[in-house]
Amino acid sequence: MKKIVLMISVILLVSVISAGALQAATVDFWFAKAGDATGTAITSLNVITGATFGLSVWYKTDVAFDHTTWETMLGFDRSTTMGTSATALDHKLALNGTATTAVTNLNSNFATKLIQTLAGGRAASSTTGSRPYGLRISYAIAPGTSAVSQTTGAKLYDVSLVNNMLAGNSYDTVIWNYGSGASYTSFLMNANATQIRDNATLRVTSIKAVPEASSLLAFGVPMLMLGLGKLKGLRK
């Protein structure tokens with residue numbers, strides 16, 4: 001009888017420890033340059049005015065746990081409302097295509113598309129214009145396949161954007177974590193259908209608009225000639 005009680009106690013203790021470890025699990029999302037196979041996180045990117053550019057969304061978990069679904073809310077603009085009826089406010093950045101065509105190289109471990117659309121992010125109802133607007137994307141593993149465990153960095157997808165800003169301006173792209181809710185935010189879902197979230201509310205990469213090299217040259221040559229003219233005048 002004592003042995004049975006001891007075994008039950010050990011099982012309960014292991015269950016509590018496992019549940020605690022699972023509850024403490026978090027996920028890190030971040031941006032990398034499209035085409036960077038190492039997935040090095042970037043906090044800023046210089047982009048020529050009017051040019052298209054690519055970002056990759058990567059993730060990893062802090063501890064190993066099986067997960068079946070991911071969702072990201074990738075903001076490249078702002079909106080006043082949540083959901084698919086939202087509209088963009090600033091138009092400094094835009095998708096290079098549609099919500100479908102602008103997204104490529106999706107992680108093959110998650111083969112079932114759940115949602116892929118333009119939308120406003122989740123935020124408090126009192127929030128005005130500070131919630132992100134962009135891509136809500138969610139994919140799951142295919143039925144009958146094994147859950148994924150990913151403690152090393154893995155790419156989820158690439159996205160192609162257009163820089164509409166004039167040189168000298170900047171604008172943030174974000175991976176948005178509201179901290180609660182099952183939509184219009186970012187999370188992983190474990191095998192028990194529990195949402196695992198990022199420690200950070202925002203993962204930000206600032207896009208900085210820069211002029212084309214030819215524009216700099218066109219501006220620089222006249223300035224150089226003007227400078228030389230002034231120098232000759234001083235020598236006379």
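The values are calculated or read from the model by the stated rules, or taken from the named source; none is laboratory data. Note that the structure is predicted; figures quoted are calculated from it, not measured. FYI the Cβ positions are ideal-geometry reconstructions off the backbone, even for glycines, and counts take in every protein chain you see.
Within the option set V162, V204, V174, being β-branched (V, I, T), over 15 Å from the mean Cα position of the chain (by Cα) and assigned to a strand (DSSP E or B) holds for one residue only, V162. Here is the figure for segment 29-52: residues that are within 30 Å of N169 (Cβ to Cβ) and either at pLDDT below 95 or not in a strand (DSSP E or B) (or both) total 11. Note on segment 130-155: residues that are farther than 30 Å from S79 by Cα and outside any loop (DSSP other than H, G, I, E, B) total 1.
The residues of segment 91-108 that are surrounded by 15 or more Cβ atoms within 10 Å (Cβ to Cβ) and either of a type in the set (S, T, N, Q) or on the phi < 0 side of the Ramachandran plot (or both), listed by number, are K92, L93, A94, L95, N96, A99, A102, V103, L106, N107. T152 passes every criterion in (1) surrounded by fewer than 18 Cβ atoms within 10 Å (Cβ to Cβ); (2) modelled with pLDDT of 95 or more apart from (2).
Within segment 22-56, the set of residues being touching an Asp or Glu at 6+ places or on another chain (Cβ under 9 Å), under 25 Å from M189 (Cα atoms) and polar (S, T, N, Q) comprises T26, S56.
Is it the case that T185 is touching a strand residue (DSSP E or B) at 6+ places or on another chain (Cβ under 8 Å), polar (S, T, N, Q), buried (at least 20 other Cβ atoms within 10 Å of the Cβ) and assigned to a loop (DSSP other than H, G, I, E, B)? Give the steps one after another, and end with the answer.
On the way: touching a strand residue (DSSP E or B) at 6+ places or on another chain (Cβ under 8 Å): yes; polar (S, T, N, Q): yes; buried (at least 20 other Cβ atoms within 10 Å of the Cβ): yes; assigned to a loop (DSSP other than H, G, I, E, B): yes.
Criteria met by T185.
Residues of segment 29-55 that are within 19 Å of Q150 (Cβ to Cβ) and out of contact with any Gly (no Cβ under 7 Å at 6 or more places or on another chain): F29, W30, F31, D36, A37, T38, T40, A41. Residue pairs whose Cβ atoms lie under 8 Å apart, separated by 6 or more positions or on different chains, with the first residue in segment 29-50 and in contact (Cβ under 8 Å) with a residue 60 or more places away in the chain and farther than 18 Å from T72 by Cβ and the second in a loop (DSSP other than H, G, I, E, B) and among the acidic types (D, E), are I48/E212; T49/E212. Evaluated against (1) in contact with a Pro (Cβ under 7 Å, 6 or more places away or on another chain); (2) closer than 30 Å to A213 by Cα; (3) crowded, with 22+ Cβ neighbours inside 10 Å, A167 falls short on exactly one condition, (3).
Of the numbered criteria (1) buried (at least 20 other Cβ atoms within 10 Å of the Cβ); (2) modelled with pLDDT under 95; (3) touching a Gly at 6+ places or on another chain (Cβ under 7 Å), the one M73 fails is (2). Residues in segment 109-137 that are farther than 17 Å from A182 by Cα and more than 18 Å from the chain's Cα centre (by Cα) were compared, and the one that is surrounded by the most Cβ atoms within 10 Å (Cβ to Cβ) is N109.
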